[in-house]
Structure formats: structure tokens, C-alpha cells
Amino acid sequence: MHANDFVGDGDCGLTMARGAKEILSRLDNKTLDTSHPALMFQSITDAVSASMGGTSGVLLELMFRKIGSVLLASSSVIDEMALWNAFHAGVDAVSLYGGATVGSRTMLDALCPAVLAAEEENGSIEKVAEAAEKGAKGTASMLSASAGRSNYLREEYLAGTPDPGAVAVGVVLKAISKA
């Protein structure tokens, strides 16, 4: 059994796997444009759009699209700080369009601490990943949800089970930190 079997609609892991496989396939086939960070995020957006359904897919598509558009509009060299600023804008887009905030028991409970860590830790991807994982684990103690699939469930189903979307964000950022 997985967290999403208890507190979601059961497809978060499958959705994330489809997106990851599509991105890897496009990298292997050299159809994911990595020539420029803005173009790479636009290509990731297309891959997510083509492969991931559900709310998670839409929200990640919005996040990657915003990251790409912020980087594309950047008139300066795209350095580490520009990437973190774009990431922050992408997370803000998830909150704006998804209608959730920190404490809603969603992927934002991992994404927002990651943004804060990027700002406080001078962009250390390891610290960003740790903050996301800590935020995801913290959702297991949240006994109510104000957004996402979990908001339909009673306290006894939520207690002790982390939010699947938040866990997925932690896993992805941890993998990036080890790449």
C-alpha cells in the first residue's frame, strides 16, 4: 500500500511515473530541448502536458510553464539565482491556480519550504531537497486538508499518512540533488 491508496485517488505515483518516463524518453530521443534553460522548461512542460493527467499534471505543467516564461523574459545571464527566482514564480503559480497554500496538505507543503531553503541556503539543492522532504513528512501530522483529494477525507484517514503530491515533490528534488 502507498500513501495515495489511503488519502488520494490512487493515481499520484502512476501519474508522476508517466511524466518521468516521458521526460526520460524525450531526453533519450533528443527531442527535449536542453540548449537553453528556458527552452528546456518549455520542453518539460510539453512532456508533462502530453503524459500526465489529473490535477498534479496540470499543476506541474503550470509550474514548468511559468519557470520557462520567467527565464525566457530574463534579460540577464541565467545563473543559479535566476533559476531559483523562476522556481519561486513557478511555485507561486501552483498556489495561485491551484488555490492552495502551505498547510493545505498538498504538494505546496513541500514546494514552499523548498523555495524558502533556496533563498536561505544560497541555492543549495541538497538543502532544498531536505526542506521539501521535511515539508512532505510534516503533512502526515495534518489532520485536515483544505485542498486536493485529501480534503474529502476524515481525520482518521489522514492521520499518519503524508500527502502523496508532497512526497512526490520531495522524491523528485532529492533525485535532482543526487544527479
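The values are calculated or read from the model by the stated rules, or taken from the named source; none is laboratory data. What you see is a predicted model, and the numbers here were worked out from it, not measured in a lab. Glycine gets a Cβ as well: all are built from the backbone with ideal geometry, and neighbour counts include every protein chain shown. Just so you know, the surface numbers come from the protein's heavy atoms only, side chains and all, with ligands and any DNA or RNA stripped out. Shrake-Rupley method; radii C 1.70, N 1.55, O 1.52, S 1.80 Å.
Under a 5 Å amide H cut-off, with hydrogens placed 1.01 Å from N, S104 pairs with nothing among residues at least 5 apart or on other chains. Of the two radii for the stretch 1-130, the radius of gyration is 0.97 times the Kirkwood radius, both from the alpha carbons; that is the Rg over Rh value.
For the stretch 32-44, the Karplus equation 6.51 cos²θ - 1.76 cosθ + 1.60, evaluated at θ = phi - 60°, returns couplings of 9, 6, 10, 6, 7, x, 5, 5, 5, 5, 5, 5, 4 Hz by residue, with Gly and Pro reported as x.
Each label point was placed 7 Å from the Cα along the Cα-to-Cβ direction; for H36 and S76 their separation is 1.8 nm.
A probe of 1.4 angstrom, applied to the heavy atoms of all protein chains, finds K66 with accessible area near 90 square angstrom.
Please report the accessible area of L96 (heavy atoms, 1.4 Å probe, ligands and nucleic acids excluded) in Å², nearest 10. Here the accessible area works out near 130 Å². Size check on the stretch 48-103: the Cα extents along the three principal axes, sorted descending, read 35, 30, 15 Å.
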